[in-house]
Each structure stands twice: as structure tokens, then as C-alpha cells.
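Undergrad: Just dropping this structure here.
Values in this text are rule-based calculations from the coordinates and carry no lab data. What you see is a predicted model, and the numbers here were worked out from it, not measured in a lab. For neighbour counting, all protein chains shown are included, and Cβ atoms are generated from backbone atoms with ideal geometry for every residue, glycine included.
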Amino acid sequence: MTELVGGHRGTVAQRTADAGVAPVWVVPLSDVHAGQELQEAVLAAVRSGWWSAGPRVAEFERAFADLCRTRHAIAVANGTAALHLALLAVGCGPGDEVVIPSLNFVAGANAIGHIGASAVFCDICGDDDLTLDPRDVEAAISPATKAIVVMHYGGHPCRMDEILDIADRRGITVIEDAAHAPGATLAGRPCGAMGAIGCFSFFSNKNIPMGEGGMVVTDGDELERRMRLLRSHGMTTLSWERHKGHATTYDVLLQGFNFRMDDLRAAMGLAQLPRLRDANAARGRIVGSYRQALHGFRGIRMPFPPRIGTVPAHHLAVILLPPGTRRHEVRAVLAAAGIQSSVHYPPTHRFSWYQARGRRRPLPRTDAVSERLLTLPLYPHMDDAAVLAVIDAVTEAVR
Ligand SMILES: *Cc1c(COP(=O)(O)O)cnc(C)c1O
């Protein structure tokens, strides 16, 4: 117990060394903050004696629905499970096509494959906006298209009005992959609440880190009912409800999954929700420093210039290296300075599995940025020295 309360206090490097994990970055790509409140919330959940889905999950769902201003929120095991449930709930299945940006984490395409549908990849808008291009979404639609899975890349709202308009005209459902975008808004509307269903992830490097975890949000009562059933084996009651004496038995209405979240994780989520707005703003200030120092420096570009009426969640700090830059050399300079970097993402359509599957379409703008993308460290409690160290290393590496 003293371990839990007293630990997780040192620097990132110290903690990483404690855990026996190599290598030790001076500035990691992302980092979690185990504050006192979070530690106490988890300890209280542990001491409560109810560890699986229970009252904390229910409370987290209510709080998350409030954040998104949706009627319903259903907590799940991870963001991939959220996408899986959403696709099934809107009736996607074998033979259907689902349009999705290739510049994306592979989870969306994998979930589409798992339900027997096929992913049709669309392009991004361009260098300044790495979200999916509405015109290319329209071009990708066929008579077999059942849904569009948009992705708010880096926590920047995609061009949702145009996409919703296209989907409306064609009778196609829009699912939002809002894994990067909790707390982001577009003209006052929360990301995740604009399409039929919004999907979130609470993986450790996301804006609300919980180890693993996810959420679906919706205003649709029937969608909610179906996703609650699918989440837990199609069963009509949860163990918690039976434990409380609210139910003694259950029926199985469909063949579901175990995609449940547990109360320990919900406690972590509840402890962090009140700080989300400040944490996202802190991310935004760091991105602002990067932009000021790096945008325009020797041909470096930083996508997503600030837009009036848009509040991003600033999940990622992404720059585009000058065309022709050898990215692995830049990354090696950063690594030598103890700075972790990444690439979000190797385009999905280029992976071996997806190269051999689905309808192939030209994705010139995705291909053009893919070799230039570089993700820099970003986390809310990143200090000025760390931000400066990153900027120094990038300006030294790009010549
Ligand atoms: C993280 C992520 C997911 C998957 O979430 P998990 O919780 O890791 O399953 C899906 N889509 C995007 C865009 C993500 O970044």
C-alpha cells in the first residue's frame, strides 16, 4: 500500500528504470501522471471489494455522456471493442463496405474486417489537414457502402458537416473514431456526438489514460440497447445487478462478447475527467510552442493551424519534415538526445495484410505525407526544459 501511494512520483526516467524497462528516454513520447486523487480513487475501488463492472462504471458512463452531451455512454474494454460494437450496432456485416481514412491506427480497419465487411480507404485533405477529405469520401462510396468511420486525427475535428451531408444524401451511417478527441469540439459540438456513434479509447497514451479502456456514446436508444447487449454476451442483466438483488436471472437475446470495462479502470477515468479540459489546454500550449519554433523552419510544416470555432484535444504533436528529408536520420538524432519520436501512422493501405485486400484506390495525399510525418513528445505535464530540448534537437537534426 505504501508502494502504491508513495510510488510513481519520480521523473519519467526514474520510474521507467524502477520498472526495469529499457530504454530510458529523457523525454518520452507520452507520459501518465499518477496524481494523489487518482491513486486514492483506485485504492478506494480496490478496498470496495467490487472490482468488475459495477457502480464506478455506471458513474463513469454518466460523466462521459455529460462530457459528450449524448443520451448514452457505454464503457467497454478498449477502443477497438468500441469500434467493433459500433459497426455491429449500425448493422454492418459481410458484403458491406466501410469507408475509412488510411492515415489511421489499424484498429478501425481490423474491426471492419472482423465483422466481415471490407475497408475502403480514403485520402486526407492535405498537408495542413490530415483528416479525411470529404470529396474523396464521396468518391470512395459504392452501392455496397454501409458506413463511414471518420477519425479526428490528433484530436482535430474532421470536416464533419460536409461528411454528414454526404452520408445523409446517400443514406449511409457515420461512426466517429474519437480515440484522439475527448473534449474536442467543432462549433460547440463535441467530437463523438456528431455521428450515429462515437468511439473513444483510454489506452495509456491517450488523453484520458487508464491502461486499457474505451467508450461508445450515442443518442440512439435502440443503438444503446444493442451495444449494451453485445458488450456482455447478449445477457439481459449484469453480475452487479444480480449482486445487488435487482435481478436473479437473465436471458440471452443475441450472441455477444465480453467487452466490459471494470470498476478499477472506471475509477481511474472518473478521477481524470474533471482535469481533461485543463490537460488538453496544456497540450495545446506545448503544441503552440512547437508551432512557433518549428513551423516554417527550413521547410518544416506543422499541420492544423488554429481555427476559429474549433477546440482540438491536441492528442498528438505532428510535424511534416521537408520533402526528401531522411526521417530515420532525424529520429536517430532525437533518440541520441534521449527524445522519443514516432510516426502516426504508417498508412493502413500499405500494410501487407491490407495491400492484398479490398478495393484499391489512389491515395496521393496520404502517400505524399507518409514519409514526412514525425510525431514529437506531448503530454500535459511536459515542462519547458523538455519542450526546448525537443525543439533544439529537431532544429539540429533538420539541415
Ligand atoms: C488508440 C486508437 C484506437 C484503438 O483503441 P484501443 O483502446 O487501443 O483499442 C482506435 N483508433 C485510433 C485512432 C486510436 O488512436
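Undergrad: What does the C-alpha gyration tensor say about the overall shape of the chain? Classify as rounded when a/c is under 1.5, otherwise prolate if a/b is larger than b/c, or oblate.
TA: Judged from the Cα gyration tensor, the chain comes out oblate (a/c at least 1.5, b/c at or above a/b).
Undergrad: Counting DSSP beta bridges in the chain, what percent are antiparallel, to the nearest 5?
TA: 60 percent
Undergrad: Right, here's the next one. Find the Rg to Rh ratio for segment 276-397, where Rh is the Kirkwood radius over alpha-carbon pairs and Rg uses the same atoms.
TA: Reported Rg/Rh (Cα atoms, Kirkwood Rh): 1.00.
Undergrad: Moving to a separate point now. Is it possible to state the helix-based mean residue ellipticity at 222 nm for the chain, with each DSSP H run of 4+ residues giving -39500 (n - 2.57), the sum divided by total residues, to the nearest 500 deg cm²/dmol? What is it?
TA: Value at 222 nm, helices only: -11500 deg cm²/dmol.
Undergrad: For segment 180-193, just list the computed ³J(HN,Hα) in residue order, Karplus coefficients 6.51, -1.76 and 1.60, θ = phi - 60°, integers in Hz, with x standing in for Gly and Pro.
TA: 8, 10, x, x, 7, 9, 10, 6, x, 8, x, 4, x, 10
Undergrad: Can you find, among ALA335, MET227, LEU264, the residue farthest towards the positive end of the dipole of the chain? Put +1 on the C-beta of Lys and Arg, -1 on that of Asp and Glu.
TA: ALA335
Undergrad: Right, next: Please list, by residue number, everything in segment 53-67 whose backbone N is under 20 Å from a paramagnetic label point 7 Å out along Cα→Cβ of HIS243.
TA: 53-63
Undergrad: Would you kindly derive the ³J(HN,Hα) couplings of segment 238-251 from the backbone phi angles with the Karplus curve 6.51 cos²θ - 1.76 cosθ + 1.60 (θ = phi - 60°), listing them in order in whole Hz, with x for Gly and Pro?
TA: 3J(HN,Hα) across segment 238-251, in whole Hz: 9, 3, 4, 5, 6, 4, 6, x, 7, 7, 10, 8, 8, 10.
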